[in-house]
Structure formats: C-alpha cells, structure tokens
1. All but one of (1) farther than 15 Å from Arg12 by Cα; (2) aliphatic (A, V, I, L, M); (3) in contact with a strand residue (DSSP E or B) (Cβ under 9 Å, 6 or more places away or on another chain) hold for Ala99; which doesn't?
2. Do we find that Thr290 is farther than 21 Å from Glu226 by Cβ, at pLDDT below 85 and polar (S, T, N, Q) in this structure?
3. Need at least 1 residues that are on the phi < 0 side of the Ramachandran plot and not assigned by TED's automatic domain parsing to the domain that holds Ile71 per element, so show me which helices (runs of 4 or more DSSP H) inside region 337-407 make the cut, counting only ones lying wholly within it.
4. For region 13-40, how many residues are aromatic (Phe, Trp, Tyr) and more than 24 Å from Lys349 (Cα to Cα)?
5. Looking at (1) farther than 30 Å from Asp336 by Cα; (2) touching a residue at least 24 places away in the same chain (Cβ under 8 Å); (3) crowded, with 20+ Cβ neighbours inside 10 Å, which is the only condition Val50 fails?
6. With among the aromatic types (Phe, Trp, Tyr) and either at pLDDT below 90 or in the same structural domain as Ala212 (by TED's automatic domain parsing) (or both) as the only criterion, which of Phe106, Phe117 stands out?
7. Just one of the numbered conditions (1) part of a loop (DSSP other than H, G, I, E, B); (2) of a type in the set (Ser, Thr, Tyr); (3) closer than 30 Å to Ala231 by Cα is not true of Ser150; which one?
Amino acid sequence: DLVENAVSKKARIENFITSFARVYTPAVVGVAALLAIVPPLLIPDATFAVWIYRALTFLVVSCPCALVVSIPLSFFGGIGGASRSGILVKGSNYLEALARTEIVVFDKTGTLTKGVFTVQEIKARGVSRDALLELTAHAESYSNHPISASLKAAYGKEIDGARIKDVEEIAGYGVSVTVDGKKIIAGNTKLMEKTGVLYSPDEIAGTAVHVAIDGVYAGYLVIADEAKEDAAAAIRLLKDMGIKQTLMLTGDSKAVARKVGKDLGLDTVYAELLPGGKVDKLEALLAEKTGKGTLSFVGDGINDAPVLARADIGIAMGGLGSDAAIEAADVVIMTDEPSKIATAIKISKKTLGIAFQNIGFALGLKSIVLILSAFGLTTMWEAVFADVGVMVVAVLNSFRALNTKNL
C-alpha cells in the first residue's frame, strides 16, 4: 500500500518535467506552424509541400513523451527496487532527497542496538566470576524484570529453588535473599549505600547489578543492550559514501552512549535526552546543513515519532518499530538492518542518475535532429526514431533502477 501510494508524491525533477512539458509542447507546436507557413511566403521558389513536410518532421521529433514517460518510470523503478530490498519509500520526493543526504542521525535502542539486554561484563571481587553469576542468578530468580531475565539467561542452567530462602524484593533498589546460607544483596548503587556495603564505584557503560555476600562487596555484572551485527558496518558504509556526519541521540546515560558511539565509530553522541530534547537537538543540526543537503533521522520507538516527522527524511525500523514511528517516517526499513540505510541512499543516487541520463540523452538527441529537420536534412524515419526510438531507449534505461543486487 505504501509503494502504491508513493506515486502521488512526485520528486522535484518529475514536477519539473511536467511543468516543462506544459510550456514546451505548445511552444514547439507554434514553431512547427511557423515553419510550415512563413518560409514559403518569404523564400523564393519555396513550396508549402516541402515546408509542411519539414514542419511535420519537426513536430514528430519534438514530442516530449520520452521525458514524460521515462522520468516517472525511473522513480517507480527505484521505489520498486528498494521494496525488493526490504526498503519501503513513501514517495519519489523522498527518494530524491535521500540522494542528497549529508547528515545521518540515529536513535540507539532498537535502531543501532537489538533492544535485548544481555550480560556484557562480570567484575568479581573475592569470588570467581562463575560463582558471582550463579549466586546473582539465583538471587534474581523470583523477579520478572528484564534485567533478571538476562541474568538467568546468562547463567544458562536450571535454578534450584531449594537453595533459595528469605526472598525480599526491595522496590527501586534490588533484592535481598539467602542462597546456600549466604546473605546475598543484589541491586543498584542505592541498595549498596542503603545497606552500608562499602564499594568503589566505577564508570560503567551499562546497567550494573552490584552484589554483596554476607555484607561484603563481591563485584558487579554489567547488563547492556547488544549492538546489531551490522551496525558498525552501516556507519562505515555511510562514511565511505561521503556522509559528512553520523550522530546518535539517546536517552541513555553518557557512559553508555560514549561506549556505543566509540564501538560503532559514530562522530558524535548526545545522551540523556528526553523526546523534546531530541527535537531541539535536531533543530540545531538542521541549521548546520549546507546548500541542498538533507538530514536523515533513523529511529524505531514511539518517542522517535516527533523527530522522524521533523527531519528532512525520517527512516523507521519497521520490523519491531512502533506503529507511530512507521507512520511518521518517510522510509521504512522492514528488516531492521542499519546497513540498509546505505543501500537506500545508493538506490536513490542510482535512480537520480538514471533520470538525468534520460534527460540528457533525450534532449541532446532531439535537439540535434530538430535542427537538422528544420533545414530539411532528415526524413520522417529519423524523426520517428528521435521520438519513439528515444522513448524506448529511455524506458529500457529506466528499468535498470529495478536492479539493486550489486548495490
């Protein structure tokens, strides 16, 4: 449905061709009429039969159908080729704007990362890493919190409920439980401070579950969102294509944002932003653009919808993205792969290149044949080729936009 409705949103070059044909067609008809009437009246021995034939030849050559048909077809081909690659573009105008992208801004969770929390790091003190994970998984086993689920998944073994006693869940802090006769306290830094456990805080890029055994600090486990497999490659591809800036806007902590930005090779990260803050930051970035360059924002959540709508090009992750984000976006990546953003830009540039090839070829050849026909140096056969033949060649060239395998 999105692809079908895309035809109503024309690119600037399509609108130009429509406007051009509106002026061009009556102009060449007028020139052809003058060519048929004026020379026989002014030139000695000139006959109406010869000049009417030349005028008709001129009229056939000047027909703008090659441009009117092939240019929209190029964009339809680009939109179709993009959809084959799992990229839905909601209009030719967005495909054209993608080709001029110079700044790409990303959301983090669900866009560059999987949105699934896993245990990334275990820092044990006085006990082994395996023992710390085992005790923490048992301590958190009665909780349905996503962090607890990630701890149990990292442990990977069946939880023995017989080893667990005196479970107390402390809302907003963590849990207190007895495992194998040992008093286990697991939670955030506030829980450590509340229970009087001495520890030396580190700067942690992720959510940390601090653990104390019998009142003695035993270390922490870092729970973090995992980057998508192709996220780093996506940033690298964009930079190789000449994208000037790659940035990330996220509501996460500065430590988490810095780590993700460094791991993926982003130019700049802005952290601890509320949805309104993201819009304000985007406004500032839009003011930094140069010339006709565009800014693309990539997101997936309902909180990203205002930013997606404000950006020159809003790109939504459609696989797991919210309905609000998909509705607000101009381009939807159905496979949730960040690397498809580079593919979309390549498709847009190829499509725009094909459209300009058709314009150059059609206008160039027609101009030559028009001049020759005015001087009687062409026949109707050459005129037919300059009209229908050029149109067929331009249409066949437009079909190349459907081929996206080698991008």
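The values are calculated or read from the model by the stated rules, or taken from the named source; none is laboratory data. Because the structure is a prediction, the values reported are computed rather than measured. Backbone-built Cβ (ideal geometry, glycine too); neighbour counts: all protein chains shown.
1. All conditions are met except number (1).
2. Details: farther than 21 Å from Glu226 by Cβ: yes; at pLDDT below 85: yes; polar (S, T, N, Q): yes.
Considered against the rule, which asks whether it is farther than 21 Å from Glu226 by Cβ, at pLDDT below 85 and polar (S, T, N, Q), Thr290 comes out as yes.
3. Values: elements: 339-374, 380-384, 390-398.
The helices (runs of 4 or more DSSP H) meeting that bar are 339-374.
4. Filtering region 13-40 down to residues aromatic (Phe, Trp, Tyr) leaves 16, 20, 24.
Then drop every residue that is not more than 24 Å from Lys349 (Cα to Cα), which leaves 24.
Going through region 13-40 one residue at a time, the tally reaches 1.
5. Condition not satisfied by Val50: (3).
6. On the way: Phe106 fails: either at pLDDT below 90 or in the same structural domain as Ala212 (by TED's automatic domain parsing) (or both).
So the residue among Phe106, Phe117 that is among the aromatic types (Phe, Trp, Tyr) and either at pLDDT below 90 or in the same structural domain as Ala212 (by TED's automatic domain parsing) (or both) is Phe117.
7. If we test Ser150 against (1) part of a loop (DSSP other than H, G, I, E, B); (2) of a type in the set (Ser, Thr, Tyr); (3) closer than 30 Å to Ala231 by Cα, just (1) comes out false.
The rows are residues; the columns are (1) over 26 Å from Lys281 (Cβ atoms); (2) in the same structural domain as Val197 (by TED's automatic domain parsing); (3) of a type in the set (Gly, Ala, Ser).
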site: Arg100; (1), (2), (3): no, no, no
site: Lys123; (1), (2), (3): yes, yes, no
site: Asn144; (1), (2), (3): yes, yes, no
site: Ala149; (1), (2), (3): yes, yes, yes
site: Ala154; (1), (2), (3): yes, yes, yes
